[in-house]
Every structure is written in structure tokens, then in C-alpha cells.
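*Asks:* Structure in C-alpha cells, see below.
Any read-out appearing in this document is the output of simple, stated calculations on the displayed coordinates, not a laboratory observation. Every value quoted in this text rests on a predicted model; they were computed, and no experiment measured them. Every residue, glycine as well, gets a Cβ built from its backbone with ideal geometry; the counts of neighbours run over all protein chains shown.
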Amino acid sequence: MKATTILTYQWKDLLRGRWIIGYGMVFLLFTDVLIRFGGGGPRALLSISNIMLLFIPLVSMIYGVLFLYQSREFTELLLAQPTDRKTLFWGLFGGLAVPLSLAFAGGVGLPLLYMGVLFSNGSEALMLLVLGIALTLLFTGLGFMLGLRFFDDRIRGFGFALISWLFLAVLYDGIIMAVVFLLGDYPLEKPILILSMLNPIDLARIIILLKFDISALMGYTGAVFSRFFSGAVGISISASVIMLWIGAPLWHSVNLFNKKDF
Amino acid sequence: MWAKVKCCLFLVALILPGQYTIARQIVVSQNGETGSLREAIRMAEPHDSLIIKEGHYPEHDVVIDKPLTIIGEGKVVIDGEGKGFVLIIRSDSVAIKNLEVHRSGRSFIEDYAGILVEKSSDVVLEQLTLTDNFFGIYLSAASDTQLTGNTITASGTRETSSGNGIHLWYSKNITITNNRVEGHRDGFYFEFVEDVYLTGNLSKHNLRYGLHFMFSDRCAYEHNVFQSNGAGVAVMYTKNVEIKHNHFEDNWGSASYGLLLKEINNSRIENNAFINNSIAMYVEASSRNRIYRNTFSQNGSGVKLMANSTDNTFTENNFLSNTFEVTTNSRQNFNEFNKNYWSQYEGYDLDRDGLGDIPHRPVRLFALVTERHPQALILLRSLLVGIMDAAERFIPIMTPETLVDLQPKMRQIQ
């Protein structure tokens, strides 16, 4: 049995649940409305990115956890088949992450296409799609990791997922804010740069902000950031940070899945 | 009755010959009477006309010291070849039309200009093209002068080695209409001038300011466009100014302003459009100004209002999708905001009178935070900042209590 077979089965199962269509529709609706009333310029794209940064981590992670719990019996049934665990894992993961990514890409991409933004602001729109897909993969992976770690203790697994989201989306920024307030008199640009790169949501947000030329608004801080992120070193470092964030939880999940006594 | 008519006719007969017999025409062309503009000016009597035929005239420091009308026919280029001034006007009633003035000298000591008007009045400069001059048109102690339909371009790269497009010094009653200035240091620079009327001009891609004036009272600026200048527009130390129907656009940069006001008093700023500037309007130490029916759209900050400004009224302006609508540096506010439209307003209008029922506070908490700690701007558009702002909006603790629009409009003002 191949990973793709499992993947297609999962996909059908998801579509039958219909919620993934709803997820895509939410993006479609928001994007359509925002472009229609925001004029399709960079401002509309910024608002879309705001929604993306809020929704994708939450939905991907929560669903990553729930999905594992939901399909527990199915997983156990498949484990009884002559298939190795690695294949099964990638089948399960792909079965969730790929439809989620597609729903996002379709939901945001379609309005961008038929409203013509993809042609007028092509590079920004593409960056938005790529970042959204990367975040989907990343947070689905995190959700899987938490789900496997607390496979039998559903409440804890679910709770940890919620708390991790809260931490990365809100509390982490609070720490940055505190650092700025406490040590504001020191040249903080580089430490803050490093600090905010460690959080994937912040990293994605900053890449988007700089892409839309908000850097001018940000004075000296903006100049430091903008120089870093437009250079080859900055781009490769931020790309590797995101890759690491996608890779590490997945690697850990595969290990957990391989050793798990179901 | 007939006696009166005869009397009039007699007077007219007396005046007419005096007016028309003196004026002559001198043609300057490479194969005509004279091939040199300087020579022709020497030959001319006051009030003569010089017709310059198409051609390239390498002459510099040409002094026009008597009332003359100089008209170019076809493409006439007076080329300063990078030495000194090109044309110097030192007489009243000089008119110059349809010439190209090219390449004045460049200097760190002298303000070389394409056309220098010195201590003269009733000068008309019309349909001129000035290219690659240090200063474009330089008016020093001039009065009652008109600059109309001129195109002034340079390709300066550094502020220090570049002059201003139209430079006015100690002048009064100057009308500047439909000119276009590009690539100079400042597009328009006025110092110690009075009663200047600047209308229908375009100033863009200048290295420093699109328009820069100081100590220039009672001037009016209408229907001009200031676009993509290095530091936007900055006006200072002046009272009784009217700035109406202008466009301030695309002044994007860490030290760039749509319109910077410093010590501007008793002035009216009305019906202007501020679009896509990093800070649309910066108000410092300015008082008693009326800011009425302007549109602030898609700027970083709509209005940056420093606490040393007092008694300014902001009425019926549109604030549309600015990152920050108003920012300030203090909890105190002595200015009035009334009946503006704010796209970030979240209130309602139960009695349907077109005005929101709850007041709007345009200063976000985050704006205050970044004013004190600019590094915090890295958190722009994060969820945390959204939550903070919402909390502050319900119970204002840190934002200025009196900086509030009590009657925000529900609909955009047309």
C-alpha cells in the first residue's frame, strides 16, 4: 500500500466531511470582499495576509490534533495491513496538509486571479500564497506532533495545541514588547530581529510587512530589517528557519509514530 | 457732444504715435543681422523686440539691462556650456518666451542659474524650457513677475551639487502658473517673499523638497501636484497661507512628509489630497490653522500632531485606510477634531443623523508606544497589538483624552 493511496482515501473522507470546503470558502469570501472594497492594491493584500496569519495557524494546528484522534481506528486498521509505518505516516499527514493547503491556495488564489491582482501585484500575491502554504504545512506538522505526543490524553493534546497557538500568536509578541519596553534605551534592532525570526508567525508577518514597503514607516528599525531581509543572507536564513520549523516537528512525529505502541 | 468727441480723438492722436513708432524688431539668427544675443541686446533700444531664429547659441552671462521682449522661433537653445549664469535680467518690463536655456555653471560659492532676475519688476517668463541648470529660474528682489508654462528639468543626484528649480528670494507679487519642475534640489523654494500665487504646477522627483518656503506670508498655493519628492513638502515660519486643492502623493521614505508644517499660523489648508505618504501631514508648533475637507488616504500616518501645536481645527476631512490615523507625542491636546470621516471608526448611528453616536479616538495606543519606542513597530499588524488597541479604545488610559472626534461622520465626505 502506497502513501498516495492512503492520501487519496483521506482526501475523499475530508471532502465528505465538507468542512474543508467551508474553510476554502471562508478564504474565498474574505479575499473577494477585501479586494472588491479595498481596491486590489497592496492594502487589500495586507488585510488578506492578516486573516491568513490569524486563521492558518489556529485551524491547521487544531485540526492536526483532532484529525489524529478522529482517525485513530482507521489508523489502527491500516497498521494491520502489510505497510510500513513511515509510508502510513506520510499518507496521513499528506492527507490533511495537502487538502488544507489547496483549500487555502484556491480560496485566496481564485479571487486574486479573476480580479486580476495576480497580474498587477504578482510577486506580492505569490509570496502570500507561498507563505500561507508553508504555514499550513508547519502548523499541521506541529498539530500532528502534539497529537502523537498525547495520543491517549486527548484533553491535554488539545489544550497544548491551543496554548501553543496562543503563545506563538500573542504571548510571544508580548515578550518582545516587554523587551522593547525594558531595554528600549539600548540598540535593540539585532536582538529583536533574532527574537522575532524564531517565531514563524512573526517571521511571516515581518516578511509580508517589508514586502509591502512598510519599512519606510518604521524609520531606523525598518531600515535595519529591510536591509537584512532583502539580502541573500537574510532570505536564506529566514527560508531555513521556516524549513526547520516545518522539518523538526515532522521529524519528531515520525519518530513517535514509528515507536508508538498502538 | 461733438466737441467732446473731437477732444477725445485729438488726445488719442497725440498718444498713438508715441506708443508705436519706437518699437523695432531685431532678428537674431546665425546668418542674419546678428548672430549673437548679447550683440543684439547692445544694439536694441528699450522696448524693442528680439526675434531669435532656430539654432544653438553658446552664450553665457548675457545681461538684459533694458526693457525688451525676446521671443524664440522654433527650437532656440541658449547654451551656457557650464560657465556662469546663462541669462541675467536686470531691467523692468522684460518678457522672454519660447526658448531653451541649457547648462548654467555649477558652483559651491555662486548660485548660478539658468535665468536670474535681479531687482526687476514686470518680468514675464513664458513657455521656456530649462534643462540641466544648477538653479533653474532665480528671482532675487523681483516684483510683479509672471512665470508661466515653463518646463524645468535637471538630473541632479546629490543635494549639495544641485540647485532649486524655481528660487524666490525677497520678492513680491509673483504669479507662478502651470510650470513643471523635475530633478532639482527643491522644486520651488521661497524665502522672504510675499503675495506669491502658485497654481497648477507639477513638482516631482526632486531630491529634497517639492515645495519649500520660509518667512513668506500671504501666499496662495492651489491645484498643484507634489509627487515623489525626496522629503516631500516642508513649509515653515509663515502666517496667512492658503493651501488648497493640491495633491501630495507618494512621498515615501523614513524622513519624507506629504506636508510638513513648522510654525505655520493662521492658515487655511483645504480640499487637498494626501495619498500614499509615509507621514501625510506633520504639524509642529503651528497654531490657529483650519484644516478642512482634505482627504488622507493610504498613508503611514495621516496626521502627526505635535503637542506644541494649538487651536488647529480639523473639520470634515476624510481619513481612509491609513496605518495610523493620528499620532501625537503627548497626552495633552489643544486642537479640535470635529465631523471628520474615519475609516477606522467602529461606532453606530442610531438616530440616523449621519453622525456617529459614540466619539472616535483616532490615536491608537500602539501609535503612542511606537512614538516612545520605535523598535516596537516590528509588532505592527500583530494580534497582540490589535488586542491592546481594542482594550485602550474601550477604556482610554494612555491615549490623549481630549484628542477625540465627538461627531464622527458615518459616510465619506464627497
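*Asks:* Please give, to one decimal in nm, the separation of the simple spin-label points placed at residue B:240 and residue A:248, each 7 Å out from Cα toward the Cβ.
*Replies:* If labels sit at residue B:240 and residue A:248, their model points lie 6.9 nm apart.
*Asks:* A follow-up question, please. Which far-off residues, 5 or more places away or on another chain, put their amide H under 5 Å from the one on residue B:202, with H placed in the peptide plane?
*Replies:* B:179, B:180, B:181, B:225
*Asks:* Which FRET efficiency value, to the nearest 0.05, do you get for residue B:93 and residue B:195 by plugging their Cβ-Cβ distance into 1/(1 + (r/R0)^6) with R0 = 22 Å?
*Replies:* Computed FRET efficiency for residue B:93 and residue B:195 comes out at 0.70.
*Asks:* Continuing with the same structure: Modelled label-to-label distance, residue B:372 and residue B:83, 7 Å Cα→beta-carbon offset: nm?
*Replies:* 6.4 nm
*Asks:* Next question. Is any residue of the stretch B:66-102 close enough, with backbone N under 15 Å, to a label point placed 7 angstrom from the Cα of residue B:27 along the Cα-Cβ axis, and if so, which?
*Replies:* From the stretch B:66-102, the list is B:71-74.
*Asks:* First measure r as the distance between the Cβ atoms of residue A:220 and residue A:5, then evaluate 1/(1 + (r/R0)^6) with R0 = 56 Å and state the FRET efficiency to the nearest 0.05.
*Replies:* 0.50
*Asks:* Which is farthest toward the positive dipole end of the protein assembly as shown among A:200, B:286, B:338, measuring Cα position about the Cα centre, with Cβ charges +1 (Lys, Arg) and -1 (Asp, Glu)?
*Replies:* A:200
*Asks:* Assign one of three labels to the stretch B:224-349, namely rounded, prolate or oblate, based on the Cα gyration tensor with a ≥ b ≥ c the square roots of its eigenvalues; rounded applies when a/c is under 1.5, prolate when it is not and a/b is larger than b/c, and oblate otherwise.
*Replies:* rounded
*Asks:* Taking amide hydrogens as modeled 1.01 Å from N in the peptide plane, which residues meet the under 5 Å criterion relative to residue B:89, leaving out close sequence neighbours?
*Replies:* When sequence neighbours closer than 5 places are left aside, the close amide H contacts are B:64, B:116, B:117, B:118.
*Asks:* Average partner chain C-beta neighbours within 10 Å, per residue of B:227-235?
*Replies:* Rounded to a whole number, the mean comes out at 0.
*Asks:* Most exposed first by the Cβ proxy, i.e. fewest other Cβ within 10 Å, how do B:361, B:106 rank?
*Replies:* Placing the least packed residue first, the sequence is B:106, B:361.
*Asks:* Assuming R0 = 30 Å, can you tell me the calculated FRET efficiency for the pair residue A:230 and residue A:166, based on Cβ-Cβ distance, to the nearest 0.05?
*Replies:* It comes to 0.40.
*Asks:* Shifting gears a bit: Could you grab the relative contact order for the stretch B:303-414? Cα pairs under 8 Å, six or more apart, rounded to a whole percent.
*Replies:* 35 percent
*Asks:* Same structure again: Give, in nm to one decimal, the length gained when the segment between residue B:119 and residue B:36 is fully stretched (0.36 nm per residue of separation minus the Cα-Cα distance).
*Replies:* Result: 27.4 nm gained on full extension.
*Asks:* Hey, another quick one. Spelling out what I want: for every residue of the stretch B:68-78, take phi, set θ = phi - 60°, compute 6.51 cos²θ - 1.76 cosθ + 1.60 (Karplus), and round to whole Hz; glycine and proline get x.
*Replies:* Karplus values, whole Hz, x for Gly and Pro: 9, 10, 10, 10, x, 10, x, 8, 9, 10, 9.
*Asks:* Just need the relative contact order of the stretch A:117-221 here, percent rounded to a whole number, with Cα pairs under 8 Å and 6+ apart.
*Replies:* Reported relative contact order: 25 percent.
*Asks:* Okay, helix-only estimate at 222 nm for chain A: each DSSP H run of n ≥ 4 adds -39500 (n - 2.57), divide by all residues, round to 500 deg cm²/dmol; what do you get?
*Replies:* My calculation for chain A gives -28000 deg cm²/dmol from helical runs alone.
*Asks:* Moving on to the next point. Would you work out which of A:165, A:113, A:78 lies farthest towards the positive end of the dipole of chain A, given +1 charges on the beta-carbon of Lys and Arg and -1 on that of Asp and Glu, about the Cα centre?
*Replies:* A:78
*Asks:* Sort B:238, A:136 by Cβ crowding within 10 Å, fewest neighbours at the top.
*Replies:* So the residues, fewest neighbours to most, are B:238, A:136.
*Asks:* Go through B:281-288, B:165-172 and give me the packing order, highest mean Cβ count within 10 Å leading.
*Replies:* By packing density, highest mean first, the sequence is B:165-172, B:281-288.
*Asks:* What distance in nm lies between label points placed 7 Å from Cα along the C-beta direction at residue B:406 and residue B:357?
*Replies:* Those two pseudo-labels are separated by 1.8 nm.
*Asks:* Please name whichever of B:253, A:27, A:258 sits farthest to the positive end of the charge dipole of the protein assembly as shown, dipole taken about the Cα centre and charges placed at Cβ: Lys and Arg +1, Asp and Glu -1.
*Replies:* Going by the charge dipole, the pick is A:258.
*Asks:* Let me ask something else about it. Using modelled backbone amide H atoms (1.01 Å from N, in-plane), which distant-in-sequence or interchain residues come within less than 5 Å of residue B:133's amide H?
*Replies:* B:103, B:104
*Asks:* Find out how many positive minus negative residues lie around residue B:229, taking Lys and Arg as positive, Asp and Glu as negative, among other residues whose Cβ is under 13 Å from that of residue B:229.
*Replies:* Net charge in that neighbourhood comes out at -2.
*Asks:* Decide, for the stretch A:108-262, between rounded, prolate and oblate: order the square roots of the alpha carbon gyration tensor eigenvalues as a ≥ b ≥ c, take rounded if a/c falls under 1.5, and otherwise choose prolate if a/b is larger than b/c, else oblate.
*Replies:* Oblate, because a/c is 1.5 or more while a/b does not exceed b/c.
*Asks:* Work out the length of the dipole vector of the stretch B:256-414 about its Cα centre, built from +1 on the beta-carbon of each Lys and Arg and -1 on the beta-carbon of each Asp and Glu, and round it to the nearest 20 debye.
*Replies:* 320 debye
*Asks:* While we're looking at this one, here's another question. How much length, in nm to one decimal, is gained on full extension between residue A:26 and residue A:79, taken as 0.36 nm per residue of separation minus their Cα-Cα distance?
*Replies:* Between residue A:26 and residue A:79, full extension yields an extra 15.6 nm.
*Asks:* With 10 angstrom as the radius, rank A:27, B:134 by how many other C-beta atoms surround their C-beta, starting from the fewest.
*Replies:* The order, fewest Cβ neighbours first, is A:27, B:134.
*Asks:* Hey, got the dipole for the stretch B:232-333? About the Cα centre, +1 on K and R Cβ, -1 on D and E Cβ, debye to the nearest 20?
*Replies:* 240 debye
*Asks:* Per-residue mean of other chain beta-carbon atoms within 10 angstrom of the beta-carbon, peptide B:382-389?
*Replies:* For this peptide, the per-residue mean of nearby foreign Cβ atoms is 6.
*Asks:* Report the full-extension gain for the segment residue B:414 to residue B:387: residue separation times 0.36 nm, less the Cα-Cα distance, to one decimal in nm.
*Replies:* Working it through step by step, the gained length comes to 6.5 nm.
*Asks:* When the dipole is taken about the Cα centre of chain A, and only Lys, Arg (+1) and Asp, Glu (-1) are charged at their Cβ, what size is it in debye, to the nearest 20?
*Replies:* Dipole size: approximately 420 debye.
*Asks:* How shielded is B:250-256 by partner chains, expressed as the average number of their Cβ atoms within 10 Å of its Cβ atoms?
*Replies:* 3
*Asks:* Can I ask one more? Going by a ≥ b ≥ c, the root eigenvalues of the Cα gyration tensor, does the stretch B:280-370 fall in the rounded group (a/c under 1.5), the prolate group (a/b larger than b/c) or the oblate group?
*Replies:* Verdict is prolate for the stretch B:280-370.
*Asks:* Quick one: compute the contact order of chain B, relative version, from alpha carbon pairs under 8 angstrom and 6+ residues apart, as a percent.
*Replies:* 6 percent.
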